[in-house]
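All of the numbers you see were taken from the coordinates with simple rules; none came from a lab. No experiment lies behind these values; they were computed from the predicted model shown. Because the Cβ atoms are built from the backbone with ideal geometry, glycine has one as well, and the counts that use them run over all protein chains shown.
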Amino acid sequence: MLITAADAKRAIQSAEAAHTRLKRLRAKGEEITEEVGRTLVTSGTGFALGLVQGAGVLTNGEIFKVPLELGVGLAFHALRLFGLGGEKHGTILSDIGNGGLTSYLHILGRGIGAEHWGKAKTSGEMSGALADRLAQIAA
């Protein structure tokens with residue numbers, strides 16, 4: 001079998017095209033992985049803070065008279081602003097801070113909603129199918 005210069009050129013072009021596609025897919029995969037990781041850190045922080053509050057580890061859920069969630073949110077954003085974590089890992093600090101602030105604002109909004117409209121439960125109790133399922137698991 002004889003390979004011509006045109007055959008070699010087509011093979012090289014095909015290999016280069018495949019390499020370019022692979023680089024695009026890899027970049028997209030890295031982007032998706034980073035976004036999923038950031039979502040897990042943010043939501044995991046809120047979940048962990050909820051566990052601490054639910055377990056009653058802290059008196060009144062506060063540290064130095066500041067709600068735990070608010071304190072965590074502000075502290076981790078401050079650490080990021082002071083440059084801890086550097087350029088590469090600083091976003092993790094912001095994600096933890098966002099989880100704390102989101103958790104705090106959820107609690108605050110739920111309390112205000114219950115106070116003004118009075119239909120929601122304010123003690124952290126849940127209602128609905130999820131609450132029923134969790135009650136079955138706990139029993």
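Select from region 88-119 those trypsin sites (Lys or Arg not before Pro) which occupy a DSSP coil region and have at most 14 other Cβ atoms within 10 Å, ordered by residue number.
Filter output for region 88-119: Lys119.
Can you give me the convex hull volume of the Cα atoms of region 1-107, divided per residue and expressed in Å³?
141 Å³
Kindly rank 25-34, 73-82, 97-106 from highest to lowest mean number of other beta carbons found within 10 Å of each residue.
Ranking, from highest mean packing down: 97-106, 73-82, 25-34.
Dipole of region 1-112, Cα-centred, from +1 at each Lys and Arg C-beta and -1 at each Asp and Glu C-beta, to the nearest 20 debye?
About 340 debye.
Applying 1/(1 + (r/R0)^6) with R0 = 35 Å to the Cβ-Cβ distance of Glu35 and Phe64, what FRET efficiency is obtained, to the nearest 0.05?
The pair Glu35/Phe64 has a calculated efficiency of 0.55.
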